[in-house]
Amino acid sequence: QVHLVESGGGAVQVGGSLRLSCAASGTSIKFTAMAWYRQAPGRQRELVALLTPASDTNYAESVKGRFTISRDNAKNTVFLQMNSLKPEDTAVYYCAAGNTGWPYWGQGTQVTVSS
């Protein structure tokens, strides 16, 4: 049974930084594609960042240069470092895992950016 637990969300002012964590159990993130999605009120869930087992990354255009996805294989944890935050980054952020689609999801963590 794969279990993902996000943490690190919170409230921050414009221009601030947050680091989200996603602790995984039941699967090794070293061999699993991992991703961060977000969903703002009234909007569809969107892909923010993706990290493959080969360490390839992909980012939404809106976060390129500001967000960085990484992992610590020893801790079986994936991170999302978010810098230069903007009000439009406000959303619930979800961690996802899988090698064929995204069958596993965390419960989400709220990020609120205020001006």
Does V12 qualify as being among the hydrophobic types (A, V, I, L, M, F, W, C), surrounded by 12 or more Cβ atoms within 10 Å (Cβ to Cβ) and either at pLDDT below 95 or touching a Gly at 6+ places or on another chain (Cβ under 6 Å) (or both)?
no
Candidates S115, S62, filtered to the one that is touching a helix residue (DSSP H, G or I) at 6+ places or on another chain (Cβ under 9 Å), exposed (fewer than 15 other Cβ atoms within 10 Å of the Cβ) and either aliphatic (A, V, I, L, M) or at pLDDT below 95 (or both)
S115
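The values are calculated or read from the model by the stated rules, or taken from the named source; none is laboratory data. Just so it is clear, the structure is predicted and the values come from calculations on it, not from any experiment. Please note: Cβ atoms are built from the backbone with ideal geometry, for glycine as well, and neighbour counts cover all protein chains shown.
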